[in-house]
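Chemist: Let me begin by handing over the structure; questions about it come next.
The values are calculated or read from the model by the stated rules, or taken from the named source; none is laboratory data. These numbers come from a predicted model, not from an experiment. Don't worry about glycine lacking a Cβ; one is built from the backbone with ideal geometry, like all the others, and counts go over all protein chains shown.
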Amino acid sequence: MTQQAKSPRASSPRYRSPAAPPIRILMADDHPVVRIGVRNMLQADENLDVVGEAGDGDEAITQTLELLPDVLLLDLHMPRLPGLEATRSIMSGSPTVKIILLTSTISTQQIIEALQIGARGIVLKDALTEHLTSAIRAVASGDYWIGGRRVVNLVGALHELMQQAAVPERKTFGLTPREMEVVGCIVEGCSNRDIARQFSLSEETVKRHLSNIFDKTGVSTRLELAMFAIAHQLVALQN
C-alpha cells in the first residue's frame, strides 16, 4: 500500500505560520521630547515599527499621505493645524489609516467629534505607558480605543458618550486624570510616600503633580487643597 506524502507543514515540527508584519506607525507631536519618549517605548516591541515623525498638523498630513502608515499617533493640540482638523484632512485623503489622538485633556464632546470624523482611539498622555501599545494593537485590528479600553461596538460607545455629554461636566480646573487621583489622595490624608506607593511613582513625581495642582487651583497648602476639592466636588466623599 502506498503512503500519501505528508505536506511540509504536517511533517515538520519546526513549521511556523508566517509572522504578521509589524504595525507601521507615524508619530506626530510638536514636542520633540514626547516624540523621542514614544519612539523609544514603541521600538522596544518588535511588532511595532515607527516609520516617521511629524512636528505639526500640516507635516502630519504630508507624511501620512507619503508613508501610508497603519497607525497615526496624532497630538490633539498641534500647531499650524489642530489634531481634529488634521484628522478630517487625512480621512479624506487616506481613509484606511487608523488615527489615535494623544492629549493631556479632552472633553466628552471632543471625543464624540473625533470619533465621528474618523479617529479610532484617544489616549491620555499621562497614560501612554499603560495604554498606548494596547491601543495601537486594538485599532490596527479594526477595533477602537475609548476611555482606556478596547471597544468593538462604536455605536454603543457613542450612545454612552452622548448620554454623558447631555449631563453638565464637572469643572476640573484643567487637572489631568492623574492629578485628580492625587487630589483624592490628599483629601483622604495620604502622604507623598503613600501616593507614590499607590501609583508606583517616585516622590519627586508626586511633588511635581502637587506643584501643578497648586498652580491650577490657586491654593498653597494641602489643607487648602482638600477644602477646595470638597467645595468644588472634585472628589466623591465616602460616608
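Chemist: Mind listing whichever residues of region 32-46 are touching a residue at least 40 places away in the same chain (Cβ under 8 Å) and either buried (at least 19 other Cβ atoms within 10 Å of the Cβ) or part of a loop (DSSP other than H, G, I, E, B) (or both)?
Modeler: Val38, Leu42, Asp45
Chemist: When you go through Thr96, Thr105, Thr64 one by one, which is the residue that is of a type in the set (Ser, Thr, Tyr) and assigned to a helix (DSSP H, G or I)? Break it down stepwise before answering.
Modeler: Details: Thr96 fails: assigned to a helix (DSSP H, G or I); Thr105 fails: assigned to a helix (DSSP H, G or I).
The conditions single out Thr64.
Chemist: Another question, then. Within region 143-152, can one find any residue that is closer than 18 Å to Val71 by Cβ, in a helix (DSSP H, G or I) and at pLDDT 85 or above? Show your work before the answer.
Modeler: Of region 143-152, the ones closer than 18 Å to Val71 by Cβ are 143-146, 148-152.
Of the ones still in play, those that are also in a helix (DSSP H, G or I) are none.
No, that holds for no residue.
Chemist: Restricted to region 90-125, and to residues that are of a type in the set (Gly, Ala, Ser) and surrounded by fewer than 17 Cβ atoms within 10 Å (Cβ to Cβ), which residue is nearest to Leu65 (Cα to Cα)? It would help to see each step written out before you state the result.
Modeler: Let us first name the residues in region 90-125 that are of a type in the set (Gly, Ala, Ser), namely 92-94, 104, 107, 114, 118-119, 121.
Narrowing the set further to residues that are surrounded by fewer than 17 Cβ atoms within 10 Å (Cβ to Cβ) leaves 92-93, 104, 107, 118.
Details: Ser92: 11, Gly93: 7, Ser104: 26, Ser107: 29, Gly118: 16 Å.
Among those that are of a type in the set (Gly, Ala, Ser) and surrounded by fewer than 17 Cβ atoms within 10 Å (Cβ to Cβ), it is Gly93.
Chemist: Considering every residue within region 156-167, establish whether at least one is within 30 Å of Ala20 (Cβ to Cβ) and either among the basic types (Lys, Arg) or exposed (fewer than 15 other Cβ atoms within 10 Å of the Cβ) (or both). I'd like the intermediate steps shown before the answer.
Modeler: So the first thing to find is which residues in region 156-167 are within 30 Å of Ala20 (Cβ to Cβ), and the list is 156-158.
Filter once more, so that each one left must be either among the basic types (Lys, Arg) or exposed (fewer than 15 other Cβ atoms within 10 Å of the Cβ) (or both): 156.
Yes, region 156-167 contains a residue that is within 30 Å of Ala20 (Cβ to Cβ) and either among the basic types (Lys, Arg) or exposed (fewer than 15 other Cβ atoms within 10 Å of the Cβ) (or both).
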